[in-house]
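In what follows, a structure is listed as structure tokens, so that the remarks can point back to it.
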């Protein structure tokens, strides 16, 4: 009645079992004791540091420092949250850092009462120039209210900082969505461009020029297929007839490089560059150096050679040609783009061919070239497929433009 072999197995030793349990418990207890000891050592070091500061600047100051240090131990974001005004943190729970710029940082936050997600842009006001730039962006955001333009919820201002509470776009950048789709046809491009054109038409009606329109600044509100596309980042936005040279080099209009007065037509040129990228995955003006890049832009030298342009419709190419026109007076306006046959028909006359493979391959090639040119950037080929050019214009770029156009 036991096992089929007829052998009787020896009963396991209860003493051995309990010894094993005791051994495991003792090991865990030793590990816990070591952790507690380590925490006590850290706390002692913090108290010693705060005591030193207290002896220099008063006991209350030392106590505050000790509290801050303990918060940093328990919460890694405490150091960053300390930068926010108490009025902001009282209303919003700061979750994570999602973007960084030269004079700004963007965090994901949540309204404490409604639990609605927001993006908070922290602008550092440094000097008169920094203050004017912050006020310019704030002035634009306070005026706009359109489904395809980022919306401002509220503002908090201090002497050295401005906090812009903006709607949070979670659907990703325009080109990220293109790559992630798996299929991309001309009809998909017209849907995106219709929304961008609608937003631009609204801005230009208000007399606002974006001046830094590019795929990275076009974000989907949510991951769904029916998401609206939003124009963001108004850090360089200005009113009509500006002459300052600024923006991202690959998207600059010829009149900006020539130091001529600029109008909303500079945004339409940038839209032409974006359309070219959207349909091919490559830039219309792409050179290894800034001086060469500026020269080809000033000449308006681009072509529809290579893959996948043979599969792209004549109407789509006509749309690009009407935007990449050297003379700003002859360039299509935002209102005219909305009436262009290619957008109106939603590319009904196109071949309906899937352009996704060619677009992804061209984006990948450019990402590889960019990383090989600038290995210190830390990006690896394929780690992030986009058309990032790295930086906006600097002082050296402006001097190069003056030499080229002289």
Give, as ranges by residue number, the residues of region 128-152 whose backbone N falls under 20 Å from the point 7 Å along Cα→Cβ of residue 239. 129-145
In a Debye calculation with equal point scatterers on the alpha-carbon sites of region 82-167 and no solvent, what is log10 I(q)/I(0) at q = 0.25 Å⁻¹? -1.38
Stretchable slack from residue 97 to residue 142, in nm (0.36 nm times residue separation minus alpha-carbon distance): 13.8 nm
Just to verify a number: FRET efficiency for residue 114 and residue 304, C-beta to C-beta distance, R0 = 60 Å, to 0.05? 0.75
Using a Förster distance of 35 angstrom, determine the FRET efficiency expected from the C-beta separation of residue 349 and residue 292, and round it to 0.05. 0.45
Sort 316-322, 251-257 by the packing proxy (mean of other Cβ within 10 Å over each peptide's residues), most packed first. 251-257, 316-322
Taking R0 as 41 Å, what's the FRET efficiency between residue 317 and residue 170 from their Cβ-Cβ distance, rounded to 0.05? 0.75
Starting from the Cα coordinates of region 242-299, work out the convex hull volume and express it per residue in Å³. 74 Å³
Note down the nm distance, to one decimal, between modelled labels 7 Å out along Cα→Cβ at residue 226 and at residue 87. 3.8 nm
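None of the figures in this text is laboratory data; all of them are computed from the coordinates on show. Treat the numbers as computed from the prediction; the structure is a model and nothing was measured. Glycine also receives a Cβ, built like all others from the backbone with ideal geometry; neighbour counts cover every protein chain displayed.
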